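Contents: one structure, followed by commentary.
Each value in this text was obtained by applying a stated rule to the coordinates, not by laboratory testing. Since we're looking at a predicted model, the values are computed, not measured. As a convention, Cβ positions derive from the backbone with ideal geometry for all residues, glycine included, and neighbour counts pool all protein chains shown.
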Amino acid sequence: MVRAFAVCAVLLIGSLAASAQPAPPQENVTVTAAKSREVFAGFAKAFARPAPITGKLVRWETGICPLAVGQAPALTGFVTARVKAIAAAAGAPVNESKSCTPNIEIVFTSAPQDLLDNIRKHDPDYLGYAETSALREKLATVTHPIQAWYATETIDLNGMRRVDSARRLGGGATMANFTAFAMPYTSAANRDPISFPDATYARVTGNHISDGVHSGFHHIIIAVDSGKLAGKDFVPLADYITLLALTQPDSLDSCQQLPSVVNLMAPECDQRVGGITAADLAYLSGLYKMGADKSLIFQQSEIVDRMKERLERPGPVAARDKQ
């Protein structure tokens, strides 16, 4: 698939760490104890975008298999190693097979819009959920030097997976017509099954807190405009890409109230950092340890508890990542 997507690329010139498996940062976040939960809650509620179908937070439910193209092997290898290392530290599943099918495709290109036009033409569901052609066209527009497109899926109580799509795919569901309503203008009863050709369905527990349904990433495409980013330090860019590969930020333009690598390219943001932060790692750890089938408010609450636990305890963050 990447072979079909890839277009002309230019080399990013910047510093590259010597290690192919860089460790997560060892740093602390200082927050006034009396306001810590309020701050963490604000961060957790505003940071990620819920799934379009379930309204729940999305995470990887299958092992990640990142692939990067468009740069020298040393640079693409560094990026994929960074994604895997931080994913493992956060508790996200990692596929270590060398022959795994890529589900995170990172494309460095000098023509990102050409890449997206190609995807829209051949694989529109990879752009993400869009209910109209106008929204799909808007979704396929490149607006940032580094930007991601998320195809999500819904997993029900029995483990059945369905890719989230608003396109008319057919299939749907059929229900028995037990009511046998009388047909208009006749006394005859209609006992034919009732068909819902485009309906989606899922098996659930019936519990409003944990209903057995959760949302996962199906595929992520990340386009990096190598022309606009030429000369930038490569390591922070790799961390920025990594965050986009493990969660779906609600906005790339919002300045987060806690230090976050997503602030790297947010306009008019004075909270800029040099790479992935303790707050980022604490959020990711909470995301990948929360109850995936719980409702959004309970998921966010679990993430806040995890962030408080990790960021308020003494000691380096990297040591706590192993817990």
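Candidate cross-link partners of K308 among the aspartates and glutamates, defined by an alpha-carbon separation under 20 Å and a same-chain spacing of 8 or more, comprise E27, E38, D280, D321. Which of the lysines could be linked to K56 by a straight reach, that is with a Cα gap under 17 Å, when you skip same-chain ones fewer than 8 residues away? Excluding near neighbours in sequence, the set is K45, K289, K294. Only aspartates and glutamates eight or more places from K138 in sequence, or on another chain, were considered; those with a Cα closer than 20 Å are D114, D117, D123, D125, D164, D225, D250, D253.
Amide H to amide H, with H built 1.01 Å from N, V273 comes under 5 Å of L264, counting only residues 5 or more places away or on other chains.
Taking amide H as placed 1.01 Å from N in the peptide plane, A166 has its amide H under 5 Å from the amide H of A130, each at least 5 places away in sequence or on another chain. When the GluC sites (Glu not before Pro) in the stretch 56-114 are filtered for DSSP coil states and for at most 14 other beta-carbon atoms within 10 Å of their beta-carbon, the remaining sites are E96.
Remark on H219: its backbone amide H falls under 5 Å from those of A151, a criterion applied only to residues 5 or more positions apart or on other chains, H modelled at 1.01 Å from N.
The phi-based Karplus calculation (6.51 cos²θ - 1.76 cosθ + 1.60; θ = phi - 60°) puts the 3J(HN,Hα) values of the stretch 210-227 at 10, 8, x, 9, 9, 10, x, 6, 9, 6, 10, 10, 10, 9, 10, 7, 5, x Hz, whole numbers, x for Gly and Pro. Among H219, H144, the order by Cβ neighbours within 10 angstrom, fewest to most, reads H144, H219.
As a footprinting exposure proxy, order F78, F40, F298 by other Cβ within 10 Å, with the fewest listed first.
Details: F78 23, F40 27, F298 15.
Fewest to most other Cβ atoms nearby, the residues stand as F298, F78, F40.
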